[in-house]
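Q: Following this message is one structure expressed as structure tokens.
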Protein chains: 2
Amino acid sequence: MLYRPFENRLNLELGKHDLYRAQWSILYYLFNNGSATHVEISNYLSVEKPTVTRTITRLEQQGYVEHIPGKDRREKRMQLTELGKAKYLEVRVTVDQYEEEILKGISVEEQQEVIRIMNDIRKNILK
Amino acid sequence: MLYRPFENRLNLELGKHDLYRAQWSILYYLFNNGSATHVEISNYLSVEKPTVTRTITRLEQQGYVEHIPGKDRREKRMQLTELGKAKYLEVRVTVDQYEEEILKGISVEEQQEVIRIMNDIRKNILK
DNA sequence: AGTAATAGTTAGCGAGAATAACTATTTAAG
DNA sequence: CTTAAATAGTTATTCTCGCTAACTATTACT
């Protein structure tokens, strides 16, 4: 009931910056995590590895992410480039405005409550 | 954060019945509404008309929906067939189990609270 | 009567995600 | 210490779901 309108508007906002949701969610994760492997991203987003590979490839072509040596020669640990960080912060402004707009009239307590409950549900699903 | 795991699991459950989310959401709407035109479904799901046409066509081929005369010769008013109603009830059992499972430990008050707030957000987005 | 608007369809495109089958590397077991 | 199993990632292919643009058919408005 909420997802489609939310997705539609978010894609509209992100489109202004030549980004899609899948790309944005990885920028977001890397910015807040410093770095991550494909598998970590895969688990975080609940998508399969090939999906991650494709999106990461695009982000690499755009110059937003780069890979750094991991503890293995198998794993590919990724992090944001300087350009990627700048991009994140730039888009963040737009996304913040969007969030503020759609949360108008919802108190901070209510927001926290919803996040807490959604997290509980998430745990139930992934269990 | 919640959508992908939810979608994955739901599709898994629906897959047991040879259905996809898009189809299920229309079955759901028609069952609870008696009948609807393409435009009504389009608005309800926040999806464009061609998308509705395609999904409805599939449901028609599967024998779950049929069209009845509307107030126009333009509009195509759809309703569930007997088979469609039976299918809905059959799948409903699976979906109920799924919902119960993922809502374990969430009180009814909390559920209502979340629904209320999500509805408020939805209104903000569509405004 | 002639133009607007509304309902739906067709054609074509693209995002996003999945599975299956593969390579490369690392870990564990006999 | 070598071989089998597990892990990380890629490639190829397929599917759903959704979009826009351009169309037909019908109805409403001026």
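The values are calculated or read from the model by the stated rules, or taken from the named source; none is laboratory data. None of the values given here were measured: they were computed from a predicted structure. Cβ atoms come from the backbone with ideal geometry, glycine included; neighbour counts cover every protein chain shown.
Q: In region A:37-46, is there at least one residue being touching a residue at least 40 places away in the same chain (Cβ under 8 Å) and under 14 Å from A:GLN79 (Cα atoms)?
A: yes
Rundown of residues vs (1) exposed (fewer than 15 other Cβ atoms within 10 Å of the Cβ); (2) in a loop (DSSP other than H, G, I, E, B), yes/no style:
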| position | (1), (2) |
| --- | --- |
| B:MET1 | yes, yes |
| B:PRO5 | no, no |
| B:LEU19 | no, yes |
| B:ILE26 | no, no |
| B:SER42 | no, no |
| B:PRO50 | yes, no |
| B:LEU59 | no, no |
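Q: Hey, another quick one. If I filter region A:61-76 down to residues being surrounded by 10 or more Cβ atoms within 10 Å (Cβ to Cβ) and in a loop (DSSP other than H, G, I, E, B), which single residue comes out as farthest from DNA strand C (Cβ to nearest atom)?
A: Within region A:61-76, the match that is farthest from DNA strand C (Cβ to nearest atom) is A:GLY63.
Q: Could you grab me the full set of residues in region B:1-27 that are under 18 Å from A:VAL47 (Cβ atoms) and within 11 Å of another protein chain (Cβ to nearest Cβ)? Steps first, please.
A: Initially, region B:1-27 is screened for residues under 18 Å from A:VAL47 (Cβ atoms), giving B:1-12, B:15, B:20-21.
Result: B:MET1, B:LEU2, B:TYR3, B:ARG4, B:PRO5, B:PHE6, B:GLU7, B:ASN8, B:ARG9, B:LEU10, B:LEU12, B:ARG21.
Q: Taking A:GLN79 as the residue in question, decide whether it is of a type in the set (S, T, N, Q), over 16 Å from the mean Cα position of the chain (by Cα) and more than 9 Å from DNA strand C (Cβ to nearest atom).
A: no
Quick grid of which residues meet (1) more than 11 Å from DNA strand D (Cβ to nearest atom); (2) modelled with pLDDT under 95:
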| residue | (1), (2) |
| --- | --- |
| A:TYR29 | yes, no |
| A:PRO50 | no, no |
| A:LYS71 | no, yes |
| A:LEU80 | yes, no |
| A:GLU90 | yes, no |
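Q: Tell me which residues, restricted to region A:91-123, are within 18 Å of A:ASN11 (Cβ to Cβ) and of a type in the set (S, T, N, Q).
A: Residues satisfying the conditions are A:THR94, A:GLN97.
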